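Chemist: Take a look at this one; I'll ask things after.
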Amino acid sequence: MYLALLVIFLQCSELYAQGKVYQVFTFNGVKIKVEPSDKVKNGAPMSIICHADISKNTDFQLKHNFTFFKDGKLVFMSISDKEDARYEIPVAKSADTGDYECRVKAGDKVVISKPTYVWVAGMTKPVLTADKKEVSEGEIVKLRCELPEEVPPLEFYFRKIKTNSEPIAKRVAEQNQNFSEMEYYVEAGDNILQFDCFGKRQVKSGWESSQHSNKTLVTVKEPFRKPTLITKPSNNLTEGDIIEFQCSTVATEMRGVEIIFQKNRTILNSIRDKGTLKYSTLATQEDSGEYLCKVEQGAVSKTTKLNVFVSELFPKPTLSASMTQLDENKDLILNCSINGSRTANFSILRKSSSGDILLKRSRILAIKVNVNDTGSYTCKAEVKGIVKESKPVRISVYAPVSKPTLSVVSGSPEVVLGKPLQLICHSVMGTPPITFTFYKGDEIKKNVTNDTYATFLDEDIGLNDNGGYKCDARNNHSSGVKTSNILNVTVIVPIRSASLGSVPYGEVEVGSDTAFLCSVKEGSWPIHFKIFKKTDQEELLYEAREYSDRTIWHKKTMKRRDTGTYYCMASNRASVDVRSRPITISVILAAWQKGVIAAFVLTALAGAGAVVLWWFLRKKKKAKGPSMEMSGSALTPSLASEKLTRPPSDGNYYSGSGYIEDNENHMKSTDESKGPDLESAEVDYTEVEVSTLDPHRAPEQKGTETVYSEIRKTKYDSMENRHSRIYGHPDAT
């Protein structure tokens, strides 16, 4: 029974395993939806819905992890077995504006939605506060503008609103906070001030502005009143009247109050710690204009302006002259007058840098002038204490110019061809300005007006420009023009193309003379010639100053050390050195010296040949020596001079040496066509020294034997070495 149950259980397990299906799912996508829309009004509710689109192979439960992000920052998380999740925002603020994303995770799979931009339109209303409700002119009021629930960066705009004027706005950018502060200086005249503010933030579509804040009212107190400015007797006067100005103010505290009275930018008077300022003067026409009374205390300044007009009592005098340009020692009359012939006190003065010089208290001045009277003159007229001065009159007194001198600036009256020539014309006497005129021949080249001299630069110098320069000088004196003497200028032609030659050229015999010729193609005389030999120090050999285009240098007795490279240089007053091409001189032996050397060499060669021939014959004679036959019969008793010493034993081996004496004077040779003639051969005798050894190799016996051998010589043996050593042999007989 149990076995049957076990079999049934196993069978059922197998069937269940065969019927089980593997769960498969995939994400088709994840989307975000905004309700009511992606543009929501500030303060309205808003929902961000994330929907996951998933496909399954069967119906099974699947857990979903939803994560909401705004601008990359996590804002909400939810876990659900449903495919939707909601992020509820009951009251939307402008800070909720941004890009929203949703990330869904199921199992080991994660999918992120595309970002959706949500714009919460409108900003919260800013709140403005002031640190003071009442201030005085010159004080500072501090304002604070705040945007609650807004997120920086933000921009704040503060506005100062004055009655009957446009608001003045100031901008402040805040990167890290949702409020800003601003200080305002309360100016004079700011009686009642109103302030407000608003904010801005940047969205994708541009800038969004908030509502304007509440208006804050600030009351301003005056520390002193605007000053009053009056004139006595009036602000319309005539020259000579006394005019009095009075400037006053009322202040709650006079300490620190300063009153300043000025015309244009010039301060005429000032007082401190008082409420009234007075200023009086004798009115002149120059006193017409705008006057200003300014009251200052600390940073507060208030101003009142007043225009004053002063009419003319009499016009300015006029100074006239009989002549404004005249020669010295001429008469000058100056006349001072007023239009309308009004009576006045006149005086005539001369202007000076150290002050006016009074010449005469009269309306007329007559003088005989000299050059020192040149200058500016004026006259003054006085009526009722009012003094007026005329415009200045320039008087010029001229002394005649002296005869000018014309010279070359460099000093020397000469110029290098192609170079500019600078001339100077100078007059010692004469009142400037002086006009100088330069002439080249009869042609006017230049006019110059200067004080005492003038210069002229002639850049067109030719070969024929050797004279004809002059200059004129004149001024406003009636004597007229003075002319200089004619200046003759020498044109220096620079050296061109120097060359060097020699006679003889190239090779020169030792002991002979050489002539060097240095010449130029062109150049003004005198010419300075120099001849050099090229060495490490550039040796100068010759120099001369010639009134010619060439020079000749005679070099006496040339030597071998004179071999080398030579060149010459030429220069004149143009101060340009011209160098020739180099030439090469080789100093060689004379013909007779060559003959002596040749004879000496030939003699030496002949002697050397004889020595070589003698050596050759001697060597050949030595080679034939060992084969010479020595005859035993030649050892005859008749040779009494022969001495033979023998050892005790009878051995036949000997050793010794012999010398063959030969005399070159006895050498004879036969005709070259004949062979050797033994019959007629010369007989020489050779002394032979014989040593006899003991047969049993006993020590050598000391003794000598003299043997004369007869040797027949042929002509081939006659040149052998005179001394031949012959070594003995036992077989020799």
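The values are calculated or read from the model by the stated rules, or taken from the named source; none is laboratory data. The structure displayed is predicted, hence computed values, not measured ones. Every residue, glycine as well, gets a Cβ built from its backbone with ideal geometry; the counts of neighbours run over all protein chains shown. Areas reflect the complete protein model, heavy atoms only, side chains present, ligands, DNA and RNA absent. Shrake-Rupley method; radii C 1.70, N 1.55, O 1.52, S 1.80 Å.
Chemist: Does the stretch 407-416 contain any residue that is in a loop (DSSP other than H, G, I, E, B) and touching an Asp or Glu at 6+ places or on another chain (Cβ under 9 Å)?
Modeler: For the stretch 407-416, residues in a loop (DSSP other than H, G, I, E, B) and touching an Asp or Glu at 6+ places or on another chain (Cβ under 9 Å): absent.
Chemist: So, one more: In the set ILE364, ILE348, which member is surrounded by 14 or more Cβ atoms within 10 Å (Cβ to Cβ), touching a residue at least 12 places away in the same chain (Cβ under 8 Å) and more than 28 Å from MET429 (Cβ to Cβ)?
Modeler: Working: ILE364 fails: surrounded by 14 or more Cβ atoms within 10 Å (Cβ to Cβ).
Of the residues listed, the single one that is surrounded by 14 or more Cβ atoms within 10 Å (Cβ to Cβ), touching a residue at least 12 places away in the same chain (Cβ under 8 Å) and more than 28 Å from MET429 (Cβ to Cβ) is ILE348.
Chemist: Mind listing just one residue for me: the one in the stretch 168-178 that is open to solvent by less than 50 Å² (accessible area, probe 1.4 Å) and outside any loop (DSSP other than H, G, I, E, B) and, of those, farthest from SER94 (Cα to Cα)?
Modeler: Of the residues in the stretch 168-178, the ones open to solvent by less than 50 Å² (accessible area, probe 1.4 Å) are 172-174, 178.
Filter once more, keeping what is outside any loop (DSSP other than H, G, I, E, B): 172-174.
Numbers: VAL172: 20, ALA173: 18, GLU174: 16 Å.
Out of the qualifying residues, it is VAL172.
Chemist: Based on what the data block shows, is ALA399 in contact with a helix residue (DSSP H, G or I) (Cβ under 6 Å, 6 or more places away or on another chain) and either surrounded by fewer than 18 Cβ atoms within 10 Å (Cβ to Cβ) or of a type in the set (A, V, I, L, M, F, W, C) (or both)?
Modeler: Details: in contact with a helix residue (DSSP H, G or I) (Cβ under 6 Å, 6 or more places away or on another chain): yes; either surrounded by fewer than 18 Cβ atoms within 10 Å (Cβ to Cβ) or of a type in the set (A, V, I, L, M, F, W, C) (or both): yes.
For ALA399, the condition - in contact with a helix residue (DSSP H, G or I) (Cβ under 6 Å, 6 or more places away or on another chain) and either surrounded by fewer than 18 Cβ atoms within 10 Å (Cβ to Cβ) or of a type in the set (A, V, I, L, M, F, W, C) (or both) - is met.
Chemist: Hey, LYS384 hits all of (1) in contact (Cβ under 8 Å) with a residue 40 or more places away in the chain; (2) surrounded by 15 or more Cβ atoms within 10 Å (Cβ to Cβ) but one; which does it fall short on?
Modeler: (2)
Chemist: Could I ask something else about it? Could you tell me whether any residue of the stretch 70-81 is part of a strand (DSSP E or B), acidic (Asp, Glu) and either on the phi > 0 side of the Ramachandran plot or touching a residue at least 40 places away in the same chain (Cβ under 8 Å) (or both)?
Modeler: Applying the first criterion (part of a strand (DSSP E or B)) to the stretch 70-81 yields 70, 73-80.
Keeping just the survivors that are acidic (Asp, Glu) gives none.
No, the stretch 70-81 contains no residue that is part of a strand (DSSP E or B), acidic (Asp, Glu) and either on the phi > 0 side of the Ramachandran plot or touching a residue at least 40 places away in the same chain (Cβ under 8 Å) (or both).
Chemist: Mind counting the residues in the stretch 276-310 that are assigned to a loop (DSSP other than H, G, I, E, B) and either closer than 22 Å to ASP190 by Cα or in contact (Cβ under 8 Å) with a residue 60 or more places away in the chain (or both)?
Modeler: Qualifying residue count, the stretch 276-310: 3.
Chemist: With the condition kept exactly as written, say whether any residue in the stretch 138-147 is touching a residue at least 40 places away in the same chain (Cβ under 8 Å), β-branched (Val, Ile, Thr), open to solvent by 50 Å² or more (accessible area, probe 1.4 Å) and over 30 Å from ALA52 (Cα atoms). Steps first, answer last, please.
Modeler: Going through the stretch 138-147, the residues touching a residue at least 40 places away in the same chain (Cβ under 8 Å) turn out to be 138-143, 145, 147.
Subset that is β-branched (Val, Ile, Thr): 140-141.
From the residues that got through so far, the ones that are open to solvent by 50 Å² or more (accessible area, probe 1.4 Å) too are 140.
If we keep only those that are over 30 Å from ALA52 (Cα atoms) as well, we get 140.
Yes, the stretch 138-147 contains at least one residue that is touching a residue at least 40 places away in the same chain (Cβ under 8 Å), β-branched (Val, Ile, Thr), open to solvent by 50 Å² or more (accessible area, probe 1.4 Å) and over 30 Å from ALA52 (Cα atoms).
Chemist: Kindly provide the set of residues from the stretch 84-100 that are at pLDDT 90 or above and either under 15 Å from PHE27 (Cβ atoms) or assigned to a loop (DSSP other than H, G, I, E, B) (or both), ordered by number.
Modeler: Of all residues in the stretch 84-100, those at pLDDT 90 or above come to 84-90, 99-100.
Scanning the stretch 84-100 gives ASP84, ALA85, PRO90.
Chemist: Scanning for something under 54 Å from the mean Cα position of the chain (by Cα), of a type in the set (Gly, Ala, Ser) and open to solvent by 50 Å² or more (accessible area, probe 1.4 Å), does the stretch 413-436 turn up at least one residue?
Modeler: At the first step, the residues of the stretch 413-436 found to be under 54 Å from the mean Cα position of the chain (by Cα) are 413-436.
Of the ones still in play, those that are also of a type in the set (Gly, Ala, Ser) are 418, 427, 430.
Then keep just the ones that are open to solvent by 50 Å² or more (accessible area, probe 1.4 Å); that gives 418.
Yes: one or more hits.
Chemist: Go through the stretch 520-562 residue by residue and tally those that are in a strand (DSSP E or B) and within 19 Å of ILE583 (Cα to Cα).
Modeler: 18
Chemist: Could you list all residues from the stretch 431-479 that are polar (S, T, N, Q) and more than 30 Å from MET323 (Cα to Cα)? Write out each step before concluding.
Modeler: Restricting attention to the stretch 431-479, the residues satisfying the condition of being polar (S, T, N, Q) are 431, 435, 437, 447, 449-450, 452, 455, 464, 466, 475-476, 478-479.
Scanning the stretch 431-479 gives THR455, ASN464, ASN466.
Chemist: Same structure, new question: Suppose we filter VAL104, VAL118, VAL111, VAL127 for residues that are open to solvent by 60 Å² or more (accessible area, probe 1.4 Å) and within 30 Å of MET46 (Cβ to Cβ); which single one remains? Lay out the reasoning, then the answer.
Modeler: On the way: VAL104 fails: open to solvent by 60 Å² or more (accessible area, probe 1.4 Å); VAL118 fails: open to solvent by 60 Å² or more (accessible area, probe 1.4 Å); VAL111 fails: open to solvent by 60 Å² or more (accessible area, probe 1.4 Å).
The conditions single out VAL127.
Chemist: Can you give me the number of residues within the stretch 585-640 that are among the hydroxyl-bearing types (Ser, Thr, Tyr), open to solvent by 70 Å² or more (accessible area, probe 1.4 Å) and at pLDDT below 80? Write out each step before concluding.
Modeler: First pass over the stretch 585-640, keeping only residues among the hydroxyl-bearing types (Ser, Thr, Tyr): 586, 603, 627, 631, 633, 636, 638.
Narrowing further to those that are open to solvent by 70 Å² or more (accessible area, probe 1.4 Å): 603, 627, 633, 638.
Within this subset, residues satisfying the condition of being at pLDDT below 80 are 627, 633, 638.
Final tally of qualifying residues: 3.
Chemist: Considering only residues that are crowded, with 19+ Cβ neighbours inside 10 Å, in a strand (DSSP E or B) and hydrophobic (A, V, I, L, M, F, W, C), look in the stretch 188-211 and name the one that is farthest from the chain's Cα centre (by Cα).
Modeler: LEU193
Chemist: Between THR563, THR490, which is in contact (Cβ under 8 Å) with a residue 24 or more places away in the chain, within 30 Å of THR455 (Cα to Cα) and open to solvent by 50 Å² or more (accessible area, probe 1.4 Å)? If you could, list the steps in order and put the result at the bottom.
Modeler: Numbers: THR563 fails: within 30 Å of THR455 (Cα to Cα).
One residue alone meets the criteria, THR490.
Chemist: Same structure again: Output the residue which, of all residues in the stretch 275-290 that are out of contact with any Leu (no Cβ under 9 Å at 6 or more places or on another chain) and charged (D, E, K, R), is modelled with the lowest pLDDT.
Modeler: In this case the residue turns out to be GLU286.
Chemist: If the requirement is being part of a strand (DSSP E or B) and closer than 14 Å to GLY199 by Cβ, which of these qualifies: TYR117, TYR157?
Modeler: TYR157 is the lone residue from the list that is part of a strand (DSSP E or B) and closer than 14 Å to GLY199 by Cβ.
Chemist: Another question about this same structure. Regarding PHE516, is this residue in a strand (DSSP E or B), among the hydrophobic types (A, V, I, L, M, F, W, C) and touching a residue at least 40 places away in the same chain (Cβ under 8 Å)? If you could, list the steps in order and put the result at the bottom.
Modeler: Details: in a strand (DSSP E or B): yes; among the hydrophobic types (A, V, I, L, M, F, W, C): yes; touching a residue at least 40 places away in the same chain (Cβ under 8 Å): yes.
Answer is yes for this residue.
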